[in-house]
Structures are given as structure tokens and as C-alpha cells.
Amino acid sequence: MDNFNHSFKQSEFPKSRNLNHFMAPFISGVLGASLVVGVCFGVPNLKNKLLDSPQPSTNFRTNSSTSQVSKELVNLVEYSDTSVAVAEKVLPSIVGIKIKYSVNSVFGSSEAEATGSGIIISKDGYILTNNHVVSTESSSSYYSIQEASNMTVNLYNDPTEYEAKIIGTDAYTDLAVIKIEASELVPATLGDSDTVRVGEFAMAIGCPLGFESTVTSGIISAVNRTVDDGAGTEYTCIQTDAAINSGNSGGALVNSNGEVIGVNTLKLSGTGVEGFGFAIPINSTTDVIDQLIQYQTVKRPYIGISPVTMDENTAKRYKLPTGVYVYTIENDSPASKAGLQKGDVITKIAGTEIATVNDLNKEKNKHKIGETIKLSVYRNGEEMELSLTLEETPDKSKNSANQEEIEDSLFNRNSNNENNNQNNGSIFDFFNW
């Protein structure tokens with residue numbers, strides 16, 4: 001700055017008063033014009049008009065290890081046209097579902113109604129929806145909800161109510177297939193949920209709060225998101241900020257091509273919570289759909305135990321590894337044939353570590369009925385490996401024990417052992433039932 005000031009002061013302009021009057025406006029004009037042109041250089045459109053040069057490309061690409069991502073300035077007209085085109089394509093494939101059922105409570109009996117959404121998957125009336133939409137049976141000490149007495153479906157732009165029947169349900173995936181007697185319906189186009197990317201366009205279509213043919217849009221917020229339904233079942237979902245409300249369940253989450261990439265299933269709600277919706281990836285539904293139509297159920301591999309999650313606190317208390325505690329073993333089951341014992345802790349399936357019952361189910365269901373897998377088991381202070389051949393799950397399922405039951409069993413067993421086996425302080429004896 002010192003050199004600059006010095007040079008400026010030493011500029012040998014004539015000191016004539018008239019010349020000063022002439023030069024001051026001239027220099028101000030030059031500086032002002034330069035400033036305007038300089039500012040305009042930061043605005044592509046103005047710069048191009050001033051210099052009459054072609055507009056530089058707004059496309060630029062970033063190489064990544066997996067794909068080449070294109071980033072472009074958004075044209076809102078094109079965005080709007082995309083939304084309109086997607087809605088017009090998908091709406092005819094989305095239905096509204098109404099269910100009537102009886103509720104018995106301490107106050108008497110009454111009839112209630114619930115609504116949901118569904119996705120047409122065939123021209124002759126097969127419809128995909130959520131299990132929790134059509135499976136109404138539940139009970140508590142205060143009330144009981146009976147199986148649906150009536151179920152109807154409304155098609156897009158069709159005032160007719162079609163009676164529907166349940167073809168098959170699967171609580172594990174929260175999916176169900178129902179059917180109406182109709183023809184020449186418009187089945188939805190299924191996309192590839194494995195290729196979904198965070199940030200891409202997403203549209204949710206369904207009948208939230210009974211408002212049929214409602215469309216909301218947003219983006220994909222996350223993929224492979226693990227969420228808990230509040231009842232202990234975990235789902236691996238696509239997360240979106242497209243508005244999903246009560247009644248959207250069973251509807252479609254679609255991409256910019258109008259392809260179904262997910263089945264809207266869950267949302268997070270509460271004070272300060274906005275834009276947390278979840279959909280079951282469509283790729284995970286195809287085998288379930290086929291089996292529900294063919295068998296009315298989903299055939300899954302079966303081990304034959306009542307499992308309980310051995311969490312870190314419980315494991316530390318009893319000096320055991322985390323994993324799945326074998327609470328009971330069913331007679332003549334794959335588990336009993338493989339040599340599993342009550343009190344074993346399963347730590348790995350086919351080499352994959354497991355920490356919860358959900359982990360156990362996920363890994364088990366990756367294998368086929370009849371396949372032999374290796375189980376890593378902790379028993380009496382030792383690690384061992386057992387070979388187990390998976391069988392088909394029998395029709396009658398048995399409830400697994402809960403954490404409170406296993407804690408009680410461990411405590412009681414521990415007390416008995418201390419009284420009857422003073423010479424043996426090993427806790428692992430408590431598990432040899």
C-alpha cells in the first residue's frame with residue numbers, strides 16, 4: 001500500500017485548474033464503467049449480452065468411484081412438467097382402500113372405519129398394500145378389534161366401490177395383496193429401488209386422511225435406513241421428505257420416470273418433526289408378492305427356537321457375549337437336530353455377526369429352505385460351530401420370550417445354583433437346562 005500511495009501521489013498530472021476539471025469526470029467515468037463491467041462479469045447472462053459471447057455451459061461433472069454425477073441448474077418449468085407427467089402416469093394405478101370393522105370395549109360394541117392406499121399390480125385386479133392396512137385384528141385389556149367385516153376399493157376417477165378380498169398377508173415385511181373383480185386396470189410400472197440415489201426427485205401418491213388421489217413431492221432423503229415400527233420390528237427403508245400422512249400407507253413412492261420405487265409405510269411424527277417418511281423398497285417386495293399370490297403366505301426358513309436379544313447390559317451382567325440367547329428349543333426342529341441347547345448364545349450365522357433377534361431373522365432369511373448354514377455358538381465359556389439345515393416355517397408360530405422373562409430365568413437359576421452348587425461358581429451352568 002505504501003508503494004501504491006507513493007506512486008499515485010507522484011503522478012505527474014498538469015496542475016492546471018481547467019485540466020483538473022476535465023480529467024476528474026473523465027476518470028470517474030472510466031472507473032464507473034469498469035466497475036459495472038466488472039460486476040457484470042459475475043453474472044453470466046449480463047456478461048454474455050455485454051460481450052455478445054456464447055453462454056458458457058452450466059453442465060459440469062464430478063467423477064466418483066462409483067458413478068459420474070451430473071449437476072445442472074434447475075429449470076423450474078421442466079421440474080413442473082416432470083411432476084405433472086409423473087402424476088398423470090401413476091394416479092390411475094393408485095387406489096383408495098376403506099375398511100369397516102367391529103370394536104368391542106368396556107363401553108360396548110361399535111363399528112369403525114379406516115382408510116389406506118394400494119398399488120395396482122395387475123390388469124385383473126391384484127393390488128399391493130401394507131399388512132397393517134388390511135389386518136385389523138388386535139386386542140388389549142380395554143378393547144378388541146375384530147377382523148374386517150367389509151373392505152372396498154376406489155379406483156382413480158371411478159365412483160364405483162369395488163369389494164375386495166385379502167389374498168395374503170405378511171406381518172414380517174408389512175405387505176399384503178388384495179384383489180377386486182375388475183379388468184383392464186392400469187398396473188403401476190415398478191422401478192429399481194437399488195439404483196435410488198439420495199437427493200433425487202420423489203413423489204408420494206395415495207389417499208391420506210381419506211383424500212383420494214393426493215400427490216406430494218420431495219426428494220430421497222436417505223436409502224437403506226433402518227427404522228423400528230415401535231413394536232420391535234425393524235425395516236430397511238427409503239427415507240423421503242415428501243409428505244406422508246395417515247392413509248398414505250400402501251401407496252406408492254415414485255421416481256421422475258413414474259416408476260414405483262417404494263411402498264409408503266411409516267412416518268415419524270411429533271412436536272418439531274417434519275418430513276420423515278419411509279417406504280419399503282420395491283425390489284424387496286417382488287418375491288413376497290409372488291408368494292402371497294401363490295401360497296397366501298410367505299415361506300421362510302425356520303430354525304425352531306424362541307430367541308431373546310442378549311443386549312450389552314445383560315451380557316455384561318452374566319459375563320456372556322452379545323448375541324441371541326436360546327430361550328427354548330422346539331421338538332424335532334432344525335435347532336434340536338443341529339444340537340443347539342437351551343442357554344446357548346448364537347453370535348454368528350454363516351460367518352456374519354449378529355447382536356439382536358432382528359439380526360438373526362435378517363441373516364436367516366437370506367438363505368433358502370433346505371440350505372445348511374454354520375452357527376457360531378457360545379456355550380459354557382467356549383465357542384463352537386454347529387451345522388444347521390433350514391426347514392420351512394410351520395404354519396403355527398410360537399411366541400418368543402421377552403427380555404423380562406429371560407432376566408427372571410437367569411436370576412432364579414442363578415439363585416438356585418448358588419444354593420445347590422456352592423463348589424461351582426460358573427454362571428454357564430445356569431444355562432444347561
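Regarding Tyr302, is this residue touching a Gly at 6+ places or on another chain (Cβ under 8 Å) and over 30 Å from Ala242 (Cβ atoms)?
On the way: touching a Gly at 6+ places or on another chain (Cβ under 8 Å): no; over 30 Å from Ala242 (Cβ atoms): yes.
No, not satisfied.
Among the numbered conditions (1) surrounded by fewer than 13 Cβ atoms within 10 Å (Cβ to Cβ); (2) within 23 Å of the chain's Cα centre (by Cα), tell me where Ile120 comes up short.
Only one criterion in (1) surrounded by fewer than 13 Cβ atoms within 10 Å (Cβ to Cβ); (2) within 23 Å of the chain's Cα centre (by Cα) is unmet by Ile120, namely (1).
Can you give me the number of residues within region 330-347 that are under 16 Å from Tyr302 (Cα atoms), of a type outside the set (A, V, I, L, M, F, W, C) and either free of Cβ contacts under 8 Å to residues at least 40 places away in the same chain or in a helix (DSSP H, G or I) (or both)?
Adding up the residues that qualify gives 5.
Under 9 Å between Cβ atoms, at least 6 apart or on separate chains: pull out the pairs that start in region 129-140 with a residue that is without any contact (Cβ under 8 Å) to a residue 24 or more places away in the chain and end on any residue that is of a type in the set (A, V, I, L, M, F, W, C) and surrounded by fewer than 24 Cβ atoms within 10 Å (Cβ to Cβ).
Once the first residue is without any contact (Cβ under 8 Å) to a residue 24 or more places away in the chain and sits in region 129-140, its partners that are of a type in the set (A, V, I, L, M, F, W, C) and surrounded by fewer than 24 Cβ atoms within 10 Å (Cβ to Cβ) give Glu137/Ile145; Glu137/Ala148; Ser138/Ile145; Ser139/Ile145.
Of these, Leu292, Leu320, which one is over 27 Å from Arg197 (Cα atoms) and in a helix (DSSP H, G or I)?
Leu292
Being of a type outside the set (Gly, Ala, Ser), closer than 23 Å to Thr173 by Cα and not in a strand (DSSP E or B) is the filter here, so list the residues in region 100-137 that pass it.
Ile121, Asn131, His132, Val133, Val134, Thr136, Glu137
Please name all residue pairs, on different chains or six or more residues apart, with Cβ atoms under 7 Å, provided the first residue is in region 250-278 and is farther than 17 Å from Val288 by Cα and among the small types (Gly, Ala, Ser) and the second residue is open to solvent by less than 40 Å² (accessible area, probe 1.4 Å) and assigned to a loop (DSSP other than H, G, I, E, B).
Matching pairs, first to second residue: Gly277/Ala242; Gly277/Ile244.
Residue under question is Tyr79, and the condition is that it be open to solvent by 40 Å² or more (accessible area, probe 1.4 Å), on the phi < 0 side of the Ramachandran plot and not in a strand (DSSP E or B); does it hold?
Against the criterion (open to solvent by 40 Å² or more (accessible area, probe 1.4 Å), on the phi < 0 side of the Ramachandran plot and not in a strand (DSSP E or B)), Tyr79 qualifies.
Report, by residue number, each residue of region 185-221 that is surrounded by fewer than 12 Cβ atoms within 10 Å (Cβ to Cβ), under 19 Å from the mean Cα position of the chain (by Cα) and either within 21 Å of Val95 (Cα to Cα) or of a type in the set (A, V, I, L, M) (or both).
Val198
Evaluate the following for Val326: is it in contact with a Lys or Arg (Cβ under 9 Å, 6 or more places away or on another chain), among the hydrophobic types (A, V, I, L, M, F, W, C), buried (at least 17 other Cβ atoms within 10 Å of the Cβ) and without any contact (Cβ under 8 Å) to a residue 24 or more places away in the chain?
yes
Going by what's in this entry, would Leu185 be described as in contact with an Asp or Glu (Cβ under 9 Å, 6 or more places away or on another chain), of a type outside the set (Gly, Ala, Ser), in contact (Cβ under 8 Å) with a residue 24 or more places away in the chain and at negative phi?
For Leu185, the condition - in contact with an Asp or Glu (Cβ under 9 Å, 6 or more places away or on another chain), of a type outside the set (Gly, Ala, Ser), in contact (Cβ under 8 Å) with a residue 24 or more places away in the chain and at negative phi - is met.
Among the residues of region 147-158, write down those that are open to solvent by less than 90 Å² (accessible area, probe 1.4 Å) and either more than 18 Å from Ile178 (Cβ to Cβ) or hydroxyl-bearing (Ser, Thr, Tyr) (or both). Give the steps one after another, and end with the answer.
Our first condition is that a residue be open to solvent by less than 90 Å² (accessible area, probe 1.4 Å); within region 147-158, this holds for 148-156, 158.
Correct list: Ser149, Thr152, Tyr156.
Under 6 Å between Cβ atoms, at least 6 apart or on separate chains: pull out the pairs that start in region 354-380 with a residue that is buried (at least 17 other Cβ atoms within 10 Å of the Cβ) and end on any residue that is hydroxyl-bearing (Ser, Thr, Tyr).
Partner pairs satisfying both residue conditions: Ala355/Thr322; Thr356/Thr309; Val357/Thr309; Glu363/Thr352; Ser376/Thr347; Tyr378/Thr347.
All but one of (1) open to solvent by 10 Å² or more (accessible area, probe 1.4 Å); (2) without any contact (Cβ under 8 Å) to a residue 60 or more places away in the chain; (3) not aromatic (Phe, Trp, Tyr) hold for Glu234; which doesn't?
(2)
Restricting attention to region 230-244, which residues are closer than 15 Å to Val263 by Cα and touching a Phe, Trp or Tyr at 6+ places or on another chain (Cβ under 9 Å)? Even if it seems obvious, please write down each step before you answer.
Here is the first cut: in region 230-244, the ones closer than 15 Å to Val263 by Cα are 235-244.
Scanning region 230-244 gives Tyr235, Cys237, Ile238, Gln239, Thr240, Asp241, Ile244.
The values are calculated or read from the model by the stated rules, or taken from the named source; none is laboratory data. This one's a predicted model, so the numbers in the text were calculated from it and none came from an experiment. Please note: Cβ atoms are built from the backbone with ideal geometry, for glycine as well, and neighbour counts cover all protein chains shown. Remember, those area values only see protein heavy atoms, side chains included, never the ligands or the DNA or RNA. Shrake-Rupley method; radii C 1.70, N 1.55, O 1.52, S 1.80 Å.
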